[in-house]
Amino acid sequence: QVQLVESGGGLVQRGGSLRLSCVISGNIGSGYGMGWYHQTPGKQRELVADITSIGESTNYAESVKGRFTSSIDNAKKTLTLQMNDLKPEDTGVYYCAQWVCTVIGGSIYVPTDDVYWGQGTQVTVSS
């Protein structure tokens, strides 16, 4: 089984920074991907950033490009999201997720339906 635990959320003013962490326990294997999702009340979870198990980021939401950076440390089994220049619209719950991937040709990661979610951490940005 896999368990993900997020931390690092809090209340900051506009323009501030936060660093979120997601600690991974359990082991899916070497072929997996991870991502950060953002959710506000009444809306679906939206992908913020994702990264493969080899540390290659594959996507950032347009709204966070240049402000957020994701990284993964396989040795520490920790996914991080550095959030800079925070805006009120960044407010919401941030979840990390890990999904089993089918690896094609050693470099192409294709997510399967096997996904694990963390409990989420609240980020609130005041104006």
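The values are calculated or read from the model by the stated rules, or taken from the named source; none is laboratory data. Values in this document were obtained by computation on a predicted structure and should not be read as measured data. FYI the Cβ positions are ideal-geometry reconstructions off the backbone, even for glycines, and counts take in every protein chain you see. For accessibility, only protein heavy atoms count, side chains too; no ligands or nucleic acids. Shrake-Rupley method; radii C 1.70, N 1.55, O 1.52, S 1.80 Å.
Some notes on this structure:
- Excluding ligands, DNA and RNA, the accessible surface per residue across the chain is 53 Å² with a 1.4 Å probe.
- The separation of the stretch 1-33 from the stretch 68-127, counted between C-alpha centres, amounts to 6 Å.
- Portion, in percent, of the accessible area of the chain that falls on carbon or sulfur, probe 1.4 Å: 48 percent
- Cys with no candidate disulfide partner in the chain (beta-carbon separation under 4.7 Å rule): 101
- Loop-resident sites, the stretch 73-127, for chymotrypsin sites (Phe, Trp or Tyr not before Pro), counting at most 14 other Cβ within 10 Å (DSSP): none
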